[in-house]
Amino acid sequence: MRVNNLKNSEVNIDKAEALRYMGYKSKEVDVDTFKSLNESIAELQEISELKYVYRVFDINKVDNNISFADKINIKSNDLANLFINCDKAAVLATTIGFEVEKRIRYYSMTNLSKSLVFDACAAAYIEA
């Protein structure tokens, strides 16, 4: 399986999604939080190592049992309904790199509010 790389400039962090992770729904964002959000995004784009792998599997369905190429077996009514008209499925794994994890850990010990913002931005980044 080949590891694929993405350039950080190819992925945009959705600020609205990061704010949603932080619990902002329709609340106005204060100046300090907005500044921290922008700083975190810039920092993430600088230190992230975006990588992904994927594989397409043939799937077999028997009742609520889903089998991916007879190697991964999952019992789930939700997946059975989701895959009702499918014969194949792609499984994807992504990472934004260990440096991001180290930075989240560092901020959690030195600046808890920055840690919260940084973690929310990282979650939005990996989903982008």
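The values are calculated or read from the model by the stated rules, or taken from the named source; none is laboratory data. Fair warning: this is a prediction, and the values are worked out from it, not measured in the lab. Don't worry about glycine lacking a Cβ; one is built from the backbone with ideal geometry, like all the others, and counts go over all protein chains shown.
For this structure, a couple of remarks:
- Yes/no for residue 117 being in contact with a helix residue (DSSP H, G or I) (Cβ under 8 Å, 6 or more places away or on another chain) and farther than 23 Å from residue 29 by Cα: no
- Any hit, segment 83-104, residues being over 26 Å from residue 3 (Cα atoms), of a type in the set (A, V, I, L, M) and at pLDDT 90 or above: no
- Breaking point among (1) of a type outside the set (S, T, N, Q); (2) touching a residue at least 40 places away in the same chain (Cβ under 8 Å); (3) outside the structural domain of residue 12 (by TED's automatic domain parsing); (4) in contact with a Ser or Thr (Cβ under 6 Å, 6 or more places away or on another chain), for residue 121: (3)
- Residue pairs whose Cβ atoms lie under 7 Å apart, separated by 6 or more positions or on different chains, with the first residue in segment 4-24 and under 20 Å from residue 47 (Cβ atoms) and the second surrounded by fewer than 16 Cβ atoms within 10 Å (Cβ to Cβ) and among the basic types (Lys, Arg), are 4/51; 5/51.
- Restricting attention to segment 1-15, the residues that are assigned to a helix (DSSP H, G or I) and modelled with pLDDT under 90 add up to 3.
- If the condition is being surrounded by 14 or more Cβ atoms within 10 Å (Cβ to Cβ), modelled with pLDDT under 90 and touching a helix residue (DSSP H, G or I) at 6+ places or on another chain (Cβ under 7 Å), then segment 30-69 contributes only 61.
- Positions within segment 16-36 being farther than 14 Å from residue 118 by Cβ and β-branched (Val, Ile, Thr), in sequence order: 29, 31
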